[in-house]
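Shown next, in C-alpha cells, is the structure this report addresses.
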Amino acid sequence: MTLPDLYRPLLLAGGLHASAARTPAKPALHCAGRTLSYGELGERVRRVTDAAILDLHIRPGERVAVVAPNCLEYPELVAGLSDAGAIVATLNPRSTATEITAACDDCGVRVLFAHAGNAAVAGAAKSRTVERTIVIGEDYDAWRDTPRGAAERPRLAETDPFTLVYSSGTTGKPKGIVISHRSRVLTFHAMAMEYGCYGPQDFFLALTPMAHGAGLSFTMAALYVGAEVELLPKFDAAQVLERLGAAPFTGVFLVPTHFQAIFALPAEILERHRGTAAHLKAIISNAAALPQALKQQIIAYFGPGLLHETYGSTEAGIVTNIRPSDQLRTRQSVGRPFASTLVRLLDENGREVPEGEVGELFSTSPFLFNGYWNNPQETRDCIRDGYWISAGDLARRDAEGFYYIVDRKKDMVISGGLNIFPREIEEVLHRHPAVLEAAVVGVPDPHWGESLRAYVVLRDAGDVSADALIEHCRQTLSGYKLPRELHFIKELPRNLGGKILKKELRALG
C-alpha cells in the first residue's frame, strides 16, 4: 500500500460526517422553527449524495445550481451534492429569470434546485441546459427520501472544484468563481484558529445569504467543526439583537450594512438589548469596509475584545484580519495577513513599494480559487507570477505590518492630474453625526477630467444641508478632495454581499 492509497482528501462533507459520528444527538442546525441533530443532518447529506448519483446520475465535475434563500435544506444540499462530485453553483435568490438563465447556460447546469419562493422565477427561466428543476419543499423531500440504497462515492481530489460562486457584478458582467474543496476546508481550519468561535463547544448565529461566498463559508465552517448553528432566513436588525440576547451565541458574522441597520434602530430598542450578548467570543465583519466611526460604535455597544474585521475576496479567500486588540490602536486598518497567507504591494511596473506608499495588493495562500469558469483570459489577468492574486485593491503597509486598504483601483479618481481616493472622503463624511452612509464616485468633468460626486444617506433624525456636509469635509480635506456635488439618497445600491454598487451610482447622473 502506498501513501496515496492511505490519503483521505479534505472534503466539506467529510467534516460534517465526522461531526455526526462524534456527537449524533447534538443539535446541529436551527432554522425557522425547525431543528436537525448532527445525526439527522449527516443522514440527510448521505441521502442527497445517493439521490444525486443514483437518480440524477451526477458525475464528478457536473454543475448543479441552487437558487434559494437561507433555509434548513441549504447546507445539506451543498454538502451532499459536492460529495457526489457535483460543482454547486449558488445563485442569488433575488435573481431574475434572465439572470438564472444566463448563469445556468454559462456553466451548463443540468439540474436546478429552487426554493418554493423562487419556483415561479426559476420556472420562467429558459435555460438551454437545465433538464430538471426540483422545488425545495415536498418535491425535494420526496426526491431526497425515496429509498435507493447506497451509491458508490466517486474518488475526488481535494483540488477538485467544490462550488461555483457568481460574482455580483460590481464592475460588469458576473463571473463564475470556481472554489476547490481544499480552499474551503483549509479556510475553515484557519478560521477556527483565528476567530476563537469555531469549535464543537460553540454556537454560531448565521444570517448572511449562503448564496454568497462569505455567507456560505461562515455558516459551513461552524457545521464542519461540529458547532451548533442558528440560520436566519433573512436579516432583520431587531431580530438579530433579540436572538443574540436570547441564546448563548459565541459567534456572529455581519456585514457593515447590517451594523448600520442595527444602529439605526430606535434608541429604546438598542438600550433594551445593550449588554445582553454576553456569551459572544467574536463578532466578525467582512464583505465591505467598516468605517472607523462605525468600528468605534460597534465596540462601544457590544464591548471590547470581540470585533474582527476581515479583508479578502472570493478569488483570494481571507487575506487579512484585524483582531480585537488592534481595532482602536490603529485607524482604518484591515490587520495583518491571515494564516498561511503572503501579501505584497506592487507598483504599476511590478516592483514592491516601500513602507507607507500605496501599491496594488497581491496575495497568495492555500485558499486561492481555481479560476474563472470558462474564462482563462480573466483568470490570467488577475494572477501575477503564477500564483499571486489581486482583487484590484490599493493599499499601504505600516512599520508594524498592518495593511490599510486605500481604495479599489477602479474607483480611484484622477482630477486635474491628481489621484484621489474616494474612501478617504467617505470616512470623513461618516464622522458627521447626521450621516448614516456615504459613497463617493468620480464623474466626467470637461475641465478637470473627473470630479467628485457624493451620495449620502442620512439618519432618520438627520437634518443637514449639502453645503454643511461639504463644509464639514473642508475642515479635514484639501480643496481638490472636496465633492463638487452632494446628493441625498434613501439607500445605497448594494450587491448580495453588501458591497456598494458604485457603477449604479455613476449611472444616476
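Every number here is computed from the coordinates shown, using simple stated rules; none is lab data. Keep in mind that this is a model prediction, so the values were computed, not measured. Positions of Cβ are generated from backbone atoms using ideal geometry, with glycine treated the same way; all protein chains shown enter the neighbour counts.
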Shape call for the stretch 412-507, from the Cα gyration tensor axes a ≥ b ≥ c (a/c under 1.5 means rounded, otherwise prolate when a/b beats b/c, else oblate), comes out oblate
Filtering trypsin sites (Lys or Arg not before Pro) in the stretch 99-134 by DSSP loop and by at most 12 other Cβ atoms within 10 Å leaves K126, R128
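Using the count of nearby Cβ atoms within 10 Å as a rough guide to exposure, how do M191, M412 rank from fewest to most?
Lowest to highest Cβ neighbour count: M412, M191.
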With the convex hull built on the alpha-carbon atoms of the stretch 235-409, volume per residue in Å³ sits at 129 Å³
Semi-axes in Å, largest first, for the stretch 1-83 (Cα gyration tensor, √(5λ)) are 24, 19, 10
Output for the stretch 233-294: trypsin sites (Lys or Arg not before Pro) sitting in coil per DSSP, at most 12 other Cβ within 10 Å, listed by number, reads K234
With R₀ set to 41 angstrom, the calculated FRET efficiency between the beta-carbons of E504 and D55, to the nearest 0.05, is 0.45
Computed ³J(HN,Hα) along the stretch 184-189: with the Karplus parameters 6.51/-1.76/1.60, θ = phi - 60°, integer Hz and x for glycine or proline, the list is 5, 5, 5, 4, 4, 5
The stretch 74-127 and the stretch 441-488 have their Cα centres apart by a whole-number Å value of 41 Å
Here the tail fraction of P(r) beyond 30 Å, over all Cα-Cα pairs of the chain, rounds in percent to 49 percent
The answer for the longest stretch of the chain without any exposed chymotrypsin sites (Phe, Trp or Tyr not before Pro) (DSSP loop, at most 14 further Cβ atoms within 10 Å) is 8-386
Listed with the fewest Cβ neighbours within 10 Å leading, L232, L429 appear as L232, L429
Using alpha carbon centers only, the stretch 326-359 is separated from the stretch 152-219 by a whole-angstrom value of 24 Å
